[in-house]
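The values are calculated or read from the model by the stated rules, or taken from the named source; none is laboratory data. The shown structure was predicted, so the numbers you read here are calculated from the model rather than taken from an experiment. Cβ placement follows ideal geometry from the backbone for every residue including glycine, while neighbour counts extend to all protein chains displayed. To get the accessible areas, we keep the full protein, side chains included, count just its heavy atoms, and leave off ligands, DNA and RNA. Shrake-Rupley method; radii C 1.70, N 1.55, O 1.52, S 1.80 Å.
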Amino acid sequence: APVANYFDRSKSAISLLGTFNVRDKEGQDITPLFTSRLKNLLILLVLYSEKSESGILGKKLTDILWGDKDDESARNNRNVTLRKLRVLLEKIGDVEIVNEAGFFRIRWGEGVFCDYRTVLKCIDEYKNSADSTDDTLLDQIFEILLYGPLLSNTFIDWLDDFKDAYSSLSIDLLRNLLDAKRNNPQMVLRIADILFLHDPLSEEALAARCS
């Protein structure tokens, strides 16, 4: 039977897995409206909002994106870019940038989907659930992992740590599942396919496929 889709990236969505993509409320692809500066600012805010509840310190954000400018110019650039990003976020739906005590973060409302945020939540839930036979949660995790690695065609220095962390998280989970589900051949094949996507040289995935 075909696997049901749990998630919809076709509208009100910010996608960071596979390639960067943004869809507005109507389902229009508004990715081209994001200049590299706007794209980097959005990615930075999303990643740091997941990393820490308070988000990212304003000074750190400015240093990462405008480290080549003097303080005043950097601050001006940041404020202008934040304003433009806020306008674009309104097109997407109930999602906004919050600035509290010098920290910036993304506040997610209802109805806006972010694949990266959702998969982190699902994996966390799965790891902490007493019931490791919860196939619905696993199906949800597999669906999102099939989107691919984090920002696979975006190359920026400060992204590397996030990419490595996401890659390790995905690969460790899939390796553990290969072991845990080894009596279920269909499931094993499915896990092996997803593992190849995240680790093309995976010996575990190859061994699982062959057996």
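Quick notes on this structure:
- Taking label positions 7 Å along the Cα-Cβ direction at both Trp158 and Asn77, the computed distance is 1.1 nm, reported to one decimal.
- Solvent-accessible heavy-atom area per residue, rounded to whole Å², over the chain at 1.4 Å: 54 Å²
- Rounded to the nearest 500, the helix-only mean residue ellipticity at 222 nm of the chain stands at -17500 deg cm²/dmol, with each DSSP H run of n ≥ 4 adding -39,500 (n - 2.57).
- Working from Cα pairs under 8 Å separated by at least six residues, relative contact order for the stretch 30-122 is 29 percent.
- Sparse-neighbour loop sites [chymotrypsin sites (Phe, Trp or Tyr not before Pro); the stretch 17-71; at most 12 other C-beta within 10 Å; DSSP]: none
- The stretch 1-45: relative contact order as a whole-number percent, Cα under 8 Å and 6+ apart: 24 percent
- Using alpha-carbon coordinates, inclination of helix 185-198 to the longest axis of the chain, degrees: 30 degrees
- Listed residue (Gly55, Ile141, Val98) projecting farthest to the positive dipole end of the stretch 51-164, Cβ model: Val98
- Its alpha carbons give the chain an Rg and a Dmax of 18.7, 62 Å.
- Length-normalised contact order for the chain - Cα pairs under 8 Å, 6+ apart - percent: 21 percent
- Using alpha-carbon coordinates, inclination of helix 135-145 to the longest axis of the chain, degrees: 50 degrees
- Relative to the longest principal axis of the Cα atoms of the chain, the long axis of helix 71-92 lies at roughly 60 degrees.
- For the stretch 52-102, carbon and sulfur atoms together expose 44% of the accessible surface, with a 1.4 angstrom probe and every protein chain in place.
- Dipole size of the stretch 83-205 about its Cα centre, with +1 on Lys/Arg Cβ and -1 on Asp/Glu Cβ: approximately 440 debye, rounded to the nearest 20.
- Cβ charges +1 (Lys, Arg) and -1 (Asp, Glu), total dipole of the stretch 37-155, debye: 800 debye
- A simple count of charges around Ala101, restricted to other residues whose Cβ falls under 15 Å of its Cβ and scoring Lys, Arg +1 and Asp, Glu -1, yields +2.
- Long-range amide H partners of Phe20 with built H, under 5 Å: Asn153
- Share of carbon and sulfur in the accessible area of the stretch 120-211 stands at 50%, probe radius 1.4 Å.
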